[in-house]
Amino acid sequence: MNRSWGYLSALMVALLFGVWFSLDKILLGYLHPFALAALTYLIASVFLFFVYISPLKNRILNTINKKSRVENFISKKEYLILFLTAIFGSVIAPALYLSGLNRITAVNAALLTNVEILFIIIIGIFFLKEKVHKKDIMGFALLLIGAIVLSTNDLRDLSFNQGLFGSLLVISASFFWSLDTSLSKFLSHKQDIIFITALKSGIGGSILLVLSLILGLNFTLPLFRLPLLLFIGIVAVSFSLVLIYYSLRTIGSTRTGSIFALSSLFGAITAYFALGEPLTVLRILFGILMLVGVLILYKEQ
């Protein structure tokens, strides 16, 4: 049963990420990406720490940790790992990604970030010694193909002859995000993942806030957009961070990272309803192909 919930958690993370990044387009009309990232991570941290000190904490943890082997103690080494995941996934990766995005098209950037899936698979197989069967390779391939098509407007906006340096920056960002996901596996068996996620998002948000202030970025946001910012921070960011740890605990970093590719599909659907962007039949078909990839990964050998 835990395994089933692990796959469901990974799917929910992909959904939340897709919704998150699509809705961010609305707020990016008012805020610089660094400022927006700082606010969303800090809101997530405040919310998670509120849950941590509330009676909800024990109910949530009892549900998450049911039938799981968990550890209560967090060592100094594990705090170091937590700090590294915050630096890699919440500071360095966004900084590299946004710098690269200024030099290449958003479509190319979306395609290149899918390299994270391959980085996660390589790290999982060769360094974390996760077992991968032949049928899993097919599942990985279907997810990657679908993600590429959804990220490049059905392959119509694909172009590699622009901004080599920008492309390398985005690929580097994907590498640091893959390190974040892979290292987070070592913290996924901790009993209090609410505290871990609250601290991680707080570290990342604080560093991004200081960076934004140093750069003199604007934090002004119209009042009617505040509910959207709170939704992204409290629901999309907070829930996804907690669910990532649970998914890593139950199905491993390789499968969790691969299922993240579905965020391209969920992002396209969200953009269609929230932003009025086109959703073609071809995109729907490749979205179904990605779901088939998830089912292949889920099926027992």
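The values are calculated or read from the model by the stated rules, or taken from the named source; none is laboratory data. From a predicted model like this one, the values you see are computed outputs, not experimental measurements. Ideal geometry is used to build each Cβ from the backbone, glycine not excepted, and the neighbour counts take in all protein chains shown. Quick note on the areas: whole protein, heavy atoms, side chains included, nothing else; ligands and nucleic acids left out. Shrake-Rupley method; radii C 1.70, N 1.55, O 1.52, S 1.80 Å.
Here are some notes:
- A 1.4 Å probe run over the protein chains yields, for region 2-54, 41 Å² of accessible area per residue, whole-number rounding.
- The accessible-area ordering, largest first, of the residues 5, 20 stands as 5, 20, per a 1.4 angstrom probe.
- For residue 190, the amide hydrogen comes within under 5 Å of the amide hydrogens of 71, counting only partners 5 or more places away or on other chains and with H modelled in the peptide plane.
- Peptide ranges 172-182, 66-76, 227-237, 47-57 listed from the most packed, as the mean C-beta count within 10 angstrom indicates: 172-182, 227-237, 47-57, 66-76
- On a per residue basis, region 161-267 carries 36 Å² of accessible surface, using protein heavy atoms and a 1.4 Å probe.
- Legend: residue pairs 135/190; 25/135; 135/185; 25/200; 67/200, Cα-Cα distance threshold 29 Å; pairs beyond threshold, 135/190; 25/135.
- Local electrostatic count at residue 67 - Lys and Arg +1, Asp and Glu -1, tallied over other residues with Cβ under 14 Å: +4
- When the P(r) of region 1-53 is calculated, the portion above 15 Å amounts to 64% of the C-alpha pairs.
- Share of carbon and sulfur in the accessible heavy-atom surface of region 19-81 [1.4 Å probe, %]: 64 percent
- If R0 is taken as 22 Å, the Cβ-Cβ distance between residue 280 and residue 141 corresponds to a FRET efficiency of 0.50.
- Per-residue 3J(HN,Hα) values for region 244-254, derived from phi via the Karplus relation 6.51 cos²θ - 1.76 cosθ + 1.60 with θ = phi - 60°, read 4, 5, 5, 5, 4, 5, 9, 10, x, 6, 4 Hz in sequence order (x marks Gly and Pro).
- In this structure residue 133 has an accessible area near 70 Å², from a 1.4 Å probe over the protein heavy atoms.
- Descending semi-axes in Å of region 54-99, equivalent ellipsoid built from Cα gyration tensor: 30, 15, 10
- Ranked by solvent-accessible area (1.4 Å probe, protein heavy atoms only, all chains present), the residues 200, 25, 134, 185 order from largest to smallest as 134, 25, 185, 200.
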